[in-house]
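Asks: Here it is, the structure in full.
The values are calculated or read from the model by the stated rules, or taken from the named source; none is laboratory data. What you see is a predicted model; the values in this text were computed from it and never measured. Here Cβ is always computed from backbone atoms with ideal geometry, including for glycine, and neighbour counts include all displayed protein chains. Each accessible area value is taken on the protein alone, full model and side chains, heavy atoms only, with ligands, DNA and RNA left out. Shrake-Rupley method; radii C 1.70, N 1.55, O 1.52, S 1.80 Å.
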Amino acid sequence: MFRSLAARSDAFALATPFRISRGVKTVADVVTVSIAAEGAVGWGEGVPYPRYGESLAGALAEIAAVRGAIEGGASREELLALMPAGAARNAVDCALWDLEAKLAGRSVTELLGMAPLGPTATAMTVMATEPAMAFNRPPASPGGGVISVKTATLRPASPFHNSAPRISASQARPMPAATMHSVIITELRALRRL
């Protein structure tokens, strides 16, 4: 089967800056891949993370290096040997799954022999620049999951230096145990890096 592969970088402005201890992010930079065949188009995305040695340019170069194999019909299984794990392979793999499902007229879960997916609990990151803000801001997607509180800084002069302000703020808005666990784990991981 002949395929046509296209890859590009896209930048999506964030509604609010995403601040964590490693820095501030105002744009989500992604690699977008489309693979077309037999009148269908499969789409996939990947986010290159600099902390793992990835970049938009590097991901696009990785995709360009396997263009011939993908357009020539390489399977998802062959992709595992063609590309290292990371944003580029994720984008191509997702596009291949999407294309295969569309050509078969089935969902990806059906191709995998799984039951249809229902609502899925996910993790949501809340950035907090003031202690009470972490718990007074309504979740973007209510209904469960884990809330991970990220802070802009954890230096001793910061109001986030220890978990007391977080715990105090949480009393004004009770949180499920899983959420409190996530807050404490996030704090412990950050403190280990100090």
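Asks: At 0.36 nm per residue, minus the direct Cα-Cα distance, what do L111 and E71 gain on full extension? Give it in nm, one decimal, please.
Replies: Length gained between L111 and E71: 12.2 nm.
Asks: Right, something else. What order, most packed first, do the peptides 34-42, 95-103 have when packing is the mean number of other Cβ atoms within 10 Å of each residue? It would help to have the intermediate numbers written out before the result.
Replies: Numbers: 34-42: 16.0, 95-103: 19.7.
Highest mean packing first, the order is 95-103, 34-42.
Asks: Please report the accessible area of F18 (heavy atoms, 1.4 Å probe, ligands and nucleic acids excluded) in Å², nearest 10.
Replies: 60
Asks: On a full-extension model of 0.36 nm per residue, what is the gain between A13 and T26, subtracting their alpha-carbon distance, rounded to one decimal in nm?
Replies: 4.1 nm
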